[in-house]
Amino acid sequence: MRSSVESPRSVVEVIAETDRLILRNWRDEDRADYIAACNTDAVTRFLGGPATIEQIDAALERISRSQREHGFSFWALERRDDAAFLGYCGLKIVGDPEIAVKDDVESGWRLREDAWGQGYASEAATACLDWAWAHLDVQRVVAMTTPANQRSWRLMERIGMTRRRDLDFNHPQFAADHLLRRHITYVIERP
């Protein structure tokens, strides 16, 4: 698989490319594609359900701010052969003080449902890890999900991450009795 990465603070739009995918900065027109394809019941099942437009706009602003301030974010994910918007994949700093991995770099992804099961997420996540090792002075990258989200934690295992039960936590976003409150944590150390 071909993978190339760009400098973290350059103004270049393309961050990384693989044989089938482009990870790039967000464009204004991505918002509508994201809302239509990634804010569905199926895609947000393990995230608490579809977000409001206000929540989406706030999330996109956080993504933009992360890119400006840190040189990385959850980048837009585009298929090379037809330029289709597939969702996002990238990196962010864990900011919640109630989570054991606060201040670690987190790898995350969200793809539209018709892109599932084709290897896009693992291809993109691997490119993001390659980018992190090339551009960030971090010793590890983390990823988190709910125990029920088998697709996500199996992907974490496929890209070389290891479950760290000592870093599992109750997500403060969810009430104590909520089915999505418990989160599991995976870690990959710098090669």
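The values are calculated or read from the model by the stated rules, or taken from the named source; none is laboratory data. What you see is a predicted model; the values in this text were computed from it and never measured. Note that we place each Cβ from the backbone using ideal geometry, even for glycine, and neighbour counts take in every protein chain shown. With ligands, DNA and RNA removed, areas are computed over all heavy atoms of the protein, side chains included. Shrake-Rupley method; radii C 1.70, N 1.55, O 1.52, S 1.80 Å.
Rounded to whole Å, give me the distance from the Cα center of the range 68-91 to that of the range 127-191.
First find each Cα centre; the distance between them is then 19 Å.
Explain nothing, just the number: relative contact order of the range 140-191, from Cα pairs under 8 Å at least 6 residues apart, as a whole percent. Before the final figure, lay out the partial values.
Details: 77 pairs, mean separation 26.4, N = 52.
About 51 percent, as a whole number.
If you take the Cα atoms of the chain, find Rg, then find the Kirkwood Rh from the mean of 1/r over all pairs, what is Rg/Rh? Walk me through the intermediate numbers first.
Working: Rg = 15.6 Å, Rh = 16.8 Å.
That ratio equals 0.93.
So what are the three principal axis dimensions of the range 23-87 from its Cα atoms, in whole Å, longest to shortest?
Sorted largest first, the three principal extents are 31, 29, 20 Å.
Take the alpha-carbon positions of the range 49-132, form their convex hull, and give its projected area averaged over all directions (one quarter of the hull surface) in nm².
6.7
Rounding to the nearest 20 debye, state how big the charge dipole of the chain is about its Cα centre with +1 on each Lys and Arg Cβ and -1 on each Asp and Glu Cβ. Before the final figure, lay out the partial values.
Working: 26 positive and 31 negative charges, 104 e Å.
Once rounded to the nearest 20, the dipole reads 500 debye.
Principal axis lengths of the range 107-156 from Cα atoms, whole Å, largest first?
Principal axes ranked by extent give 34, 22, 13 Å for the Cα atoms.
Nearest 5 percent is fine: what portion of the DSSP beta bridges confined to the chain is antiparallel?
95
Taking all protein chains in place and a 1.4 Å probe, what share, in percent, of the accessible surface of the range 50-123 do carbon and sulfur account for? Walk me through the numbers before you get to the answer.
On the way: 1580 of 3450 Å².
Carbon and sulfur: 46 percent of the exposed surface of the range 50-123.
If you take the charge dipole of the chain about its Cα centre, with +1 on Lys and Arg Cβ and -1 on Asp and Glu Cβ, which of Thr44, Leu21, His178 is farthest toward its positive end?
With unit charges placed on the Cβ atoms, the residue in question is His178.
How many nm is it between the label spots at Asp114 and Val14, if each spot is 7 Å from the Cα in line with the beta carbon?
2.5
Pairs of Cα atoms under 8 Å, at least six residues apart: use those to get the relative contact order of the chain, whole percent.
Details: 329 pairs, mean separation 35.5, N = 191.
Relative contact order, the chain: 19 percent.
Would you kindly work out the equivalent ellipsoid of the range 86-191 from its C-alpha gyration tensor and give its semi-axes, the square roots of five times the eigenvalues, largest first in whole Å?
Semi-axes, largest first: 21, 18, 12 Å.
Please work out the FRET efficiency for the pair Glu29 and Gln139, using the Cβ-Cβ distance as r and a Förster radius of 30 Å; give the result to the nearest 0.05.
Efficiency computed from Cβ-Cβ geometry: 0.20.
If you place +1 on the Cβ of every Lys and Arg and -1 on the Cβ of every Asp and Glu, how big does the dipole about the Cα centre of the range 151-191 come out, in debye to the nearest 20?
I would put it at about 180 debye.
Send over a whole-number figure in Å² for the accessible area per residue of the chain, probe 1.4 Å.
51
Assuming 0.36 nm per residue, please report the length gained on full extension of the stretch Glu157 to Ala59 beyond their Cα-Cα distance. Please list the in-between numbers first.
Details: separation 98, 0.36 × 98 = 35.28 nm, distance 2.67 nm.
My answer for the length gained is 32.6 nm.
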